[in-house]
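See below for the structure under consideration.
The values are calculated or read from the model by the stated rules, or taken from the named source; none is laboratory data. Given the structure is predicted, the values throughout are model-derived calculations rather than measurements. Reconstructed Cβ throughout: ideal geometry from the backbone, glycine too, with neighbour counts over all protein chains shown.
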There are 2 protein chains.
Amino acid sequence: MKITRLEHCESFPVQMDGAVGASRQLPIGQADGAPNFSIRVFTLNPGGHTPHHIHASEHLNYILQGSGEVMAGDTPRDVSAGDYILVPPEQKHQYRNTGSEPLVFMCMVPVAYE
Amino acid sequence: MKITRLEHCESFPVQMDGAVGASRQLPIGQADGAPNFSIRVFTLNPGGHTPHHIHASEHLNYILQGSGEVMAGDTPRDVSAGDYILVPPEQKHQYRNTGSEPLVFMCMVPVAYE
């Protein structure tokens, strides 16, 4: 059994094309023995965003802190701390921090997409 | 894309043998189109607990509120809001609310175990 907290998880800048002001932590992943899916945590600085992209895997998200938008295709929808979001497979999406504090959210994915 | 919050998710008492003072919500599940895994949220009243049991599926947990213990086999480990926990497959486990406020935690599982 692994028990950890965000402050103990190393943070790495997101290097993907289309990502701005984004960093990533991995509290629970394949290296910990997670057999099916992983918990990643992304932090977006104010004005930051993830890529506006599409892929075969789903995201299950939970907003830990802050507020912003998630693009559902080309339609922005407001999100804020306490929201649960399902981004289905093959839906174009993007998280954008439109607020003045960090936008921090959990992003669960199958381990193959960790 | 589904976006929801706990206050919009119906709460059901947990009827399993060995569960006391426990309720369950399902912000994201198979019925929403989640293809691989689901987000369940459990609330344990003070003194409440989940079954002390073992099964083939893992749990990925995040403590939203409160404090308590998770049994790793027969060893209690303290948990509190902000903790991420991996309960691996086939590890005996139980969540117990040893505090004075509700213990609320996310519990991600493969959809087959939703």
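Go over the candidates A:Ile28, A:Ile39, A:Ile3 one by one and state the one that is touching a Ser or Thr at 6+ places or on another chain (Cβ under 9 Å) and under 16 Å from B:Ile63 (Cα atoms).
Values: A:Ile39 fails: touching a Ser or Thr at 6+ places or on another chain (Cβ under 9 Å); A:Ile3 fails: touching a Ser or Thr at 6+ places or on another chain (Cβ under 9 Å).
Among A:Ile28, A:Ile39, A:Ile3, only A:Ile28 is touching a Ser or Thr at 6+ places or on another chain (Cβ under 9 Å) and under 16 Å from B:Ile63 (Cα atoms).
Residue by residue through region A:1-44, note down the ones that are under 21 Å from A:Thr98 (Cα atoms), without any contact (Cβ under 8 Å) to a residue 60 or more places away in the chain and either among the basic types (Lys, Arg) or touching a Lys or Arg at 6+ places or on another chain (Cβ under 6 Å) (or both).
Scanning region A:1-44 gives A:Val14, A:Arg24.
Among the residues that make up region A:24-33, is at least one of them at pLDDT 95 or above and exposed (fewer than 13 other Cβ atoms within 10 Å of the Cβ)?
yes
Which of the residues that make up region B:62-114 are of a type in the set (D, E, K, R), closer than 20 Å to A:Ser38 by Cα and in contact with a Ser or Thr (Cβ under 9 Å, 6 or more places away or on another chain)?
Matches in region B:62-114: B:Asp83, B:Glu114.
Residue-by-condition table, conditions (1) among the small types (Gly, Ala, Ser); (2) more than 7 Å from every other protein chain (Cβ to nearest Cβ); (3) in contact with a strand residue (DSSP E or B) (Cβ under 9 Å, 6 or more places away or on another chain); (4) under 18 Å from B:Met16 (Cα atoms):
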position	(1), (2), (3), (4)
B:Asp74	no, yes, no, no
B:Val87	no, no, yes, no
B:Arg96	no, yes, yes, yes
B:Ser100	yes, yes, yes, no
B:Glu114	no, yes, yes, yes
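Where in region B:1-70 are there strands (runs of 3 or more DSSP E), lying fully within it, with 1 or more residues that are more than 9 Å from chain A (Cβ to nearest Cβ)?
Once the strands (runs of 3 or more DSSP E) in region B:1-70 are filtered for at least 1 residues that are more than 9 Å from chain A (Cβ to nearest Cβ), what remains is B:20-28, B:37-49, B:59-65.
Can you name the number of the only condition in (1) buried (at least 16 other Cβ atoms within 10 Å of the Cβ); (2) part of a loop (DSSP other than H, G, I, E, B) that B:Glu90 fails?
(1)
Taking region B:45-67 as the region of interest, how many residues are of a type in the set (Gly, Ala, Ser), at negative phi and without any contact (Cβ under 8 Å) to a residue 40 or more places away in the chain?
Matching residues across region B:45-67 total 2.
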